[in-house]
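Student: Quick one: structure below, then a few questions.
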Amino acid sequence: MPADYRIGIVPASDTGAVEMAMWSLLGARPVTMVAWESFGEGWVTDVVKQLKLADATVVTAPYGVLPDLAAIDTDQDVVFTWNGTTSGVRAPNGDWIKADRQGLTICDATSAAFAVDLPWDKLDVVTYSWQKVLGGEAAHGMLILSPRAVERLETYKPAWPLPKIFRLTKGGKLIEGIFQGETINTPSMLCVEDYLDALDWADGLGGLPALIRRSEANAAALQTWVDQRDWIANLADVPETRSNTSVCLKIVAPWFAARPGPAGGGAEENRRPAGEARRRLRHQRLPRRAAGPAHLVRGNGRDRRCRSADRLARLGLCPGQGRVRRVAAL
Ligand SMILES: Cc1ncc(COP(=O)(O)O)c(C=O)c1O
């Protein structure tokens, strides 16, 4: 990262960092909000429904594809998510961002930082949290600012009030302490230690290039497995846009694809695969987990046995609660 960029630790994880940036910087010029999955959509909601910025353009794309990034005007401010975690689609590069742009680029890079070679000169605000790619402890957000972002902070005062937790300036000047190890409120020193440990581990592997190679190799192994099967595919059709950290897959088996609804589902008679497909699926099942204690689930007039507590949790049922009674191991 360029030596003149500032790095700060802020409250409330990546969400805190992104919202702090948006609340502090937006409103000075028109903004384009670019979203291709749920987290990006969350930032759109912030700007359109909470900040209620009148001069906001929203550019979205359905799950699995990128919007036309080349059409984005980076003379406006732009807010986007580098790696759309919930769609497994990432920006392939920063070529669409002008070097001499007038706007600021605010990039939620939480599932990209440490696994992608981010083009720092194209990014004015970058955010991430420790628990994502490095797998550290969750609590704090990282807020990285380019000199142009700092200039905006020092020359523009938003029309709305800012709570202490969002304040990056005092008397029109950047609070430099935030970028020199001070924090706005109390950080978790356990999380800090864990993060230092994760950074040491990353250094030991060979730093960023090694982390990227590792992540790419893992994603490639998964893709090879997918390519060998005709019933499953990467949600991102365009290989260059496929995430190396949050791979999303779709079931393309004909019986599933033929079901009504966006991702299948709908009429009860369509919920179950027909004979042959069902038999094939049964063969492809993963090995059963070791048997743990079973649970008796009472409901809808009939009892069901449920083997794992995980499955109960997925069904929204907890042992000992309401309809669920613990019974002997199977
Ligand atoms: C792209 C993206 N943005 C934001 C978040 C929220 O991160 P945090 O929980 O660190 O606030 C997530 C969480 O998975 C994410 O994937």
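The numbers here are math on the coordinates, done by the rules we state, and not lab data. As the structure is a prediction and not an experimental result, all values here were calculated from the model. Counting neighbours? That spans all protein chains shown, and the Cβs are built from the backbone with ideal geometry, glycine included.
Student: Determine ³J(HN,Hα), in whole Hz, for all residues of region 57-64 in sequence, where each value follows from phi through the Karplus function 6.51 cos²θ - 1.76 cosθ + 1.60 and θ = phi - 60°; x replaces Gly and Pro.
Tutor: Karplus values, whole Hz, x for Gly and Pro: 9, 10, 10, 10, 9, x, 4, x.
Student: For region 6-190, what class follows from the C-alpha gyration tensor (a ≥ b ≥ c being the square roots of its eigenvalues): rounded when a/c is under 1.5, otherwise prolate if a/b is larger than b/c, else oblate? Please list the in-between numbers first.
Tutor: Numbers: a/c = 1.55, a/b = 1.17, b/c = 1.33.
In terms of gyration-tensor shape, oblate.
Student: Taking R0 as 25 Å, what's the FRET efficiency between Gln50 and Leu190 from their Cβ-Cβ distance, rounded to 0.05? Provide the component values of the computation, followed by the final result.
Tutor: Details: r = 32 Å, r/R0 = 1.28.
The pair Gln50/Leu190 has a calculated efficiency of 0.20.
Student: Which FRET efficiency value, to the nearest 0.05, do you get for Asp197 and Leu162 by plugging their Cβ-Cβ distance into 1/(1 + (r/R0)^6) with R0 = 45 Å?
Tutor: Details: r = 34 Å, r/R0 = 0.75.
Result of the calculation: an efficiency of 0.85.
Student: For Lys170, which lysines qualify as cross-link partners when the Cα separation must be under 23 Å and same-chain residues fewer than eight apart are set aside?
Tutor: The reachable lysines, counting only those whose Cα sits under 23 Å from Lys170, are Lys157.
Student: On a full-extension model of 0.36 nm per residue, what is the gain between Lys98 and Glu154, subtracting their alpha-carbon distance, rounded to one decimal in nm? Could the numbers behind the result be given before it?
Tutor: Working: separation 56, 0.36 × 56 = 20.16 nm, distance 2.30 nm.
Result for the pair: 17.9 nm of gain on full extension.
Student: Taking the alpha-carbon centroid of each part, what is the distance from region 28-102 to region 188-233 in angstrom?
Tutor: 25 Å
Student: Same structure again: Above 22 angstrom, tally the Cα pairs of region 133-217 and express them as a % of all pairs, no decimals. If you can, show how the numbers build up before the last one.
Tutor: Numbers: 1626 of 3570 pairs.
Tail of the P(r) past 22 Å holds 46 percent of the pairs.
Student: Further question on the same structure: How high is the FRET efficiency between Arg229 and Ser38 when r is their beta carbon distance and R₀ equals 25 Å, given to the nearest 0.05?
Tutor: Values: r = 27 Å, r/R0 = 1.06.
Efficiency for this residue pair is about 0.40.
Student: Taking the radius of gyration and the Kirkwood hydrodynamic radius from Cα positions alone, what is the Rg/Rh ratio for region 63-119, to two decimal places? Present the calculation step by step, with values, prior to reporting the outcome.
Tutor: On the way: Rg = 11.3 Å, Rh = 11.9 Å.
Rounded to two decimals, Rg/Rh equals 0.95.
Student: What does the charge count near Ile7 come to, summing +1 for each Lys or Arg and -1 for each Asp or Glu among other residues with Cβ under 13 Å from its Cβ? Write down the numbers at each step before the final one.
Tutor: Values: positive: Arg6; negative: Asp4, Glu176, Glu182.
It works out to a net charge of -2.
Student: Near Lys164, which lysines are there with a Cα under 16 Å away, not counting those fewer than 8 places off in the same chain?
Tutor: Here the lysines satisfying the reach criterion relative to Lys164 are Lys173.
Student: For Lys122, go through the lysines and keep the ones whose alpha-carbon is under 17 Å away, minus same-chain ones fewer than eight residues off.
Tutor: Leaving aside lysines fewer than 8 places away in the same chain, those within reach of Lys122 are Lys98.
Student: Okay, moving on. When you count, for each residue, the other Cβ atoms within 10 Å and take the mean per peptide, how do 218-226, 85-93 rank with the highest first? Spell out each step's value before the answer.
Tutor: Values: 218-226: 13.6, 85-93: 22.1.
Top of the packing list down: 85-93, 218-226.
Student: Given the peptides 230-241, 13-24, 29-40, arrange them by the average over their residues of other C-beta atoms within 10 Å, most packed first. If you can, show how the numbers build up before the last one.
Tutor: Working: 230-241: 15.3, 13-24: 23.7, 29-40: 21.2.
Peptide ranking by packing, descending: 13-24, 29-40, 230-241.
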